[in-house]
Amino acid sequence: MLTNRHKVLGILLILGCFSCNQLMDTFNDTFKEKKEDGPGNTGHSSPVTSSVTIESHVSRDTVRTTYSSRNTTRKLNFLSDEAGLREAEKSLLALPAYAGKKMYLYDDIHTYDDGRINLQLRHPENPDYVDAWHFADGQWKGPEPVQLSVRNKVEEKLLPLDEIDFTSITRIYKNIVEKSATIEGAKPPTHIYGIVRGKGLAWYPTSISGSRERYAISFHQDGSIDKFFRE
């Protein structure tokens, strides 16, 4: 009787060990599968990474393409282009927002040799407001509102636009280039600007720097030389 019991217990022990091994194998297999399917190896994370990378490349390429496009259409030697400056002035005076209204320059005007002009105009409806306008790629863009302080005296910095001849900029440029040719190391300007002073414009730059010498220069409103001397 005892012998039969021992046999039964032996069989149950063997089956129990076999079941334990199966359970361990099943657990290990399951854990391995989960590990292989974990966050670093699922099919869900790769597309997200690829998407971000592609989006990043597209964004950068778009910026580069836009910048390249601007460079190819932007006009160089604009400061010496009398016809181009005259056309820019003509198109500014023809802005629809100012049709039938007198136009006033506010504070300053900046011109660049790559074809850009930045200036500010008195608002066509509200005399206390000022708008910024930008000329690039052959056309005017704006208006952009300019934030002013209560300390800004708009009336003191206004000049009628029809009193400014844009071709004066070409005269200033040619005069500076002519004087620079006699000064060692002097270079032609790439930026000419005017600031409203009293009832006219004060033109800049007001100096020409060489490698050994520096000269002061000033201009009349029409771009002709007022004074020129070594500092």
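The values are calculated or read from the model by the stated rules, or taken from the named source; none is laboratory data. Given the structure is predicted, the values throughout are model-derived calculations rather than measurements. All Cβ positions, even for glycine, are placed from backbone atoms using ideal geometry, and neighbour counts span all protein chains on display. Just the protein is used for accessible areas: all its heavy atoms, side chains included, with ligands, DNA and RNA removed. Shrake-Rupley method; radii C 1.70, N 1.55, O 1.52, S 1.80 Å.
Summary of values
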item: Filter on Lys90/Lys179; Lys141/Lys187; Lys174/Lys227; Lys157/Lys187; Lys179/Lys199 - keep pairs with C-alpha separation over 26 Å; result: Lys90/Lys179; Lys141/Lys187; Lys157/Lys187; Lys179/Lys199
item: Carbon and sulfur %, accessible surface of the range 147-231 computed with the full protein complex present, 1.4 Å; result: 47 percent
item: Separation in nanometres of the label points that stand 7 Å from Cα toward Cβ, at Gln139 and Arg151; result: 3.9 nm
item: Dimensions (Å) - the range 116-231, Cα atoms, principal axes, largest first; result: 50, 32, 24
item: Protein-only accessible surface order, largest first, of Tyr104, Tyr98 at 1.4 Å; result: Tyr104, Tyr98
item: Net length gained if the chain between Ser80 and Asp226 were fully extended (0.36 nm per residue, minus Cα distance); result: 50.6 nm
item: Candidate residues Glu156, Glu213, Glu89, Glu163: accessible-area rank, largest first, probe 1.4 Å; result: Glu156, Glu163, Glu213, Glu89
